[in-house]
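Below: one structure, written as structure tokens.
The values are calculated or read from the model by the stated rules, or taken from the named source; none is laboratory data. All figures in this text were calculated on a predicted structure; none of them were measured in a lab. Here the Cβ is made from the backbone with ideal geometry for all residues, glycine too, and neighbour counts use every protein chain on show.
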Amino acid sequence: MSPGANAGKRDVTSSEPPETRPQDSPLVAAFLEKRQTLLLFLAARTRSMARAEDLVQDLFVKIRQMDPAAEVRAPGPLLYRMAANLLVDQARSAQRTERRDDQWRRDTRPTLGGEDIVEGPGADEAIIGRERVRQLAEAVAGLPPQMGRAFRLHKLEGLSQAQTAQAMGVSRKMIEQHIQAAVRRLTQSLRS
């Protein structure tokens, strides 16, 4: 292509400032000119630069969807009105989300006097439970080696008595005796 072939056309992807693109409507041109002040306007109201950026982007999308031939007498004030409306829409959406989430929480969690009730054990019960587990672990550790191994394999690791017998190289009857004796010793140990 010759250098003069594109002389009358502009490349909108070039480094040319966006304000000079010929297809932009006066409203888009006003937006591009006031983008930074619109961003600051929204950031001051949302107290979040990220949310303000999102709103400015939403505003640009709305403007681009408008008919470019539409007559706009005062594009600046219209842009600020549209930005304020987007801010109101976002606030209403956030309120609806919060109400929906609160309703879901009320529907799915038990409450007493407006306060959530925790379904887990209380702090004192949790401490007692941990102490009992510690005592049980000590008692299991104090069992004779073969008895302790049979108990751990069958009761704690979930092996059947036959699998435990095979793993230990003894009869199933011996495993039954070890487990019964272990349960008796552990019960006595935990009662004292």
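If you scan the range 139-160, which residues turn out to be part of a helix (DSSP H, G or I) and either among the basic types (Lys, Arg) or surrounded by 11 or more Cβ atoms within 10 Å (Cβ to Cβ) (or both)? Can you show your working first?
As a first pass, look at the range 139-160 and keep what is part of a helix (DSSP H, G or I): 139-141, 145-156.
Passing the criteria: 139, 140, 146, 147, 148, 149, 150, 151, 152, 153, 154, 155.
For the range 57-67, which residues satisfy the criterion of being among the aliphatic types (A, V, I, L, M), part of a helix (DSSP H, G or I) and surrounded by 10 or more Cβ atoms within 10 Å (Cβ to Cβ)? Explain how you work it out, then say what you get.
Taking the range 57-67 and keeping what is among the aliphatic types (A, V, I, L, M), we get 59, 61, 63, 66.
Retained after the next criterion (residues that are part of a helix (DSSP H, G or I)): 59, 61, 63.
Scanning the range 57-67 gives 59, 63.
Being outside the structural domain of residue 102 (by TED's automatic domain parsing) and either in contact with a Leu (Cβ under 6 Å, 6 or more places away or on another chain) or under 30 Å from residue 102 (Cα atoms) (or both), is that true of even one residue in the range 144-155? First the steps, then the outcome.
Step one: filter the range 144-155 for residues outside the structural domain of residue 102 (by TED's automatic domain parsing), giving 144-155.
Subsequent filtering for residues that are either in contact with a Leu (Cβ under 6 Å, 6 or more places away or on another chain) or under 30 Å from residue 102 (Cα atoms) (or both) retains 153.
Yes, there is a match, as at least one residue in the range 144-155 is outside the structural domain of residue 102 (by TED's automatic domain parsing) and either in contact with a Leu (Cβ under 6 Å, 6 or more places away or on another chain) or under 30 Å from residue 102 (Cα atoms) (or both).
Is the range 68-83 home to any residue that is assigned to a helix (DSSP H, G or I) and either farther than 13 Å from residue 27 by Cβ or of a type in the set (S, T, N, Q) (or both)?
The first filter runs over the range 68-83 and keeps only residues assigned to a helix (DSSP H, G or I), leaving 75-83.
Narrowing the set further to residues that are either farther than 13 Å from residue 27 by Cβ or of a type in the set (S, T, N, Q) (or both) leaves none.
So far as the range 68-83 goes, no, none of its residues is assigned to a helix (DSSP H, G or I) and either farther than 13 Å from residue 27 by Cβ or of a type in the set (S, T, N, Q) (or both).
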